[in-house]
Number of protein chains: 2
Amino acid sequence: MDQTTRIVRAFEDAGYQTTPSRRLLAELVAGSRGHFSAADLLDRARQRRAKVGRATIFRALELLTSLHVVERLDLPNRSHAYVMCDPDEHHHHLVCSRCGRSVDVADGELARLVDEIGRRNGYRIETHRLELFGICPLCAGTGAAAAVAADRGGPA
Amino acid sequence: MDQTTRIVRAFEDAGYQTTPSRRLLAELVAGSRGHFSAADLLDRARQRRAKVGRATIFRALELLTSLHVVERLDLPNRSHAYVMCDPDEHHHHLVCSRCGRSVDVADGELARLVDEIGRRNGYRIETHRLELFGICPLCAGTGAAAAVAADRGGPA
DNA sequence: CCCCGGATGAGACTGAGTATCAGGCAAGCC
DNA sequence: GGCTTGCCTGATACTCAGTCTCATCCGGGG
């Protein structure tokens, strides 16, 4: 099943209605190459001449976030964006600072490290967040041209 | 030398003027118990009947951030705040989700882990960020009362 | 096919942060 | 101590992401 369907399915499984707006949003999210913002989605919706309200986009992103279909990133440049990701296990993101593509990284050893840091400081750790930023193999390998081609928000 | 002086000194050392506004801001920042926002500082300035513009606060925080005297945190509840911290080495923050107090945590093993994750995925890692949230010993030990007493933004 | 609660879009609102600009003042110079 | 210069400041307008409200709409169970 393709990404769009996976997202629509996630809505259904959680007991939410399947509506044209949500289907559209699912397509837009699934068609994103890297991370994207609510404004990106709105733009792409407008490009398709689809009529969807800003509020609806924020509501859908909020839902998808709570369903762990997407996650919110805080980028180093103090803006933020969403990325699609694996809903099944706790993980972190390795984000390309050029094209925005993101790889899910399993928590692995980190859990142990986090635990130890907490213990050493007497804190009871509740949550942690690790975000890694760098240049992905694609952007590194083929230079700026590929980076542009791979730019975020490709054909929806 | 106390924290206020340390901050004022940081301005001077970097070649910036020492002005009443900056001195005030230094005091407010130094007097913060945990993390704080620009709005918090503005409130506390007003409480002292000190006249300082919003823009000035943001400018000072921006400077202090660039001097690594404070750092910006992205809190789990999607808001953000600043904390004072050690300007001398790369580190992360362990933040109390109740009182906002923050402990600097040396990078240590993490660097190795980050490096390995990058290598495994073919990324050239540029920066990373780790943020830990939990309950500090003070809040855990003495319950809600102490947590309130220790609340952020104590006597400036 | 009807009904109703969930979903929607428009638009007002908020709060953090930025830009602009005229006036103020720190600090080096004499 | 006065002068000058350029950094610094406060007020204010603005932007941008996200939220709230509310009248209307419509998916889907009965």
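The values are calculated or read from the model by the stated rules, or taken from the named source; none is laboratory data. The structure presented is a predicted model; accordingly, all values stated were derived computationally and were not measured. Cβ placement follows ideal geometry from the backbone for every residue including glycine, while neighbour counts extend to all protein chains displayed. Quick note on the areas: whole protein, heavy atoms, side chains included, nothing else; ligands and nucleic acids left out. Shrake-Rupley method; radii C 1.70, N 1.55, O 1.52, S 1.80 Å.
Annotation note: of A:ALA45, A:ALA39, A:ALA10, A:ALA50, the sole residue that is hydrophobic (A, V, I, L, M, F, W, C) and under 26 Å from A:CYS136 (Cα atoms) is A:ALA39.
Within segment A:33-46, the set of residues being of a type in the set (Gly, Ala, Ser) and surrounded by 14 or more Cβ atoms within 10 Å (Cβ to Cβ) comprises A:GLY34, A:SER37, A:ALA38, A:ALA45. Could you list all residues from segment A:6-29 that are without any contact (Cβ under 8 Å) to a residue 60 or more places away in the chain, open to solvent by less than 30 Å² (accessible area, probe 1.4 Å) and closer than 20 Å to A:ARG54 by Cβ? Once the filter is applied, which keeps residues that are without any contact (Cβ under 8 Å) to a residue 60 or more places away in the chain, open to solvent by less than 30 Å² (accessible area, probe 1.4 Å) and closer than 20 Å to A:ARG54 by Cβ, segment A:6-29 yields A:PHE11, A:LEU24, A:LEU25, A:ALA26, A:VAL29.
Residues in segment B:69-90 that are surrounded by fewer than 19 Cβ atoms within 10 Å (Cβ to Cβ) and touching an Asp or Glu at 6+ places or on another chain (Cβ under 8 Å): B:HIS80, B:CYS85, B:ASP86, B:GLU89, B:HIS90. The condition (being more than 13 Å from DNA strand C (Cβ to nearest atom), surrounded by fewer than 21 Cβ atoms within 10 Å (Cβ to Cβ), free of Cβ contacts under 8 Å to residues at least 60 places away in the same chain and not polar (S, T, N, Q)) is satisfied by just one residue among B:ARG54, B:ARG49, B:ARG59: B:ARG49. Of the candidates A:VAL105, A:VAL83, the single residue that is within 22 Å of B:LEU132 (Cβ to Cβ) and away from chain B (no Cβ under 11 Å) is A:VAL83.
Matching residues to (1) part of a helix (DSSP H, G or I); (2) within 12 Å of DNA strand D (Cβ to nearest atom):
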| site | (1), (2) |
| --- | --- |
| B:ARG9 | yes, no |
| B:GLN17 | no, yes |
| B:ARG22 | yes, yes |
| B:ALA26 | yes, yes |
| B:SER32 | no, no |
| B:ALA39 | yes, no |
| B:ASP43 | yes, no |
| B:ARG59 | yes, yes |
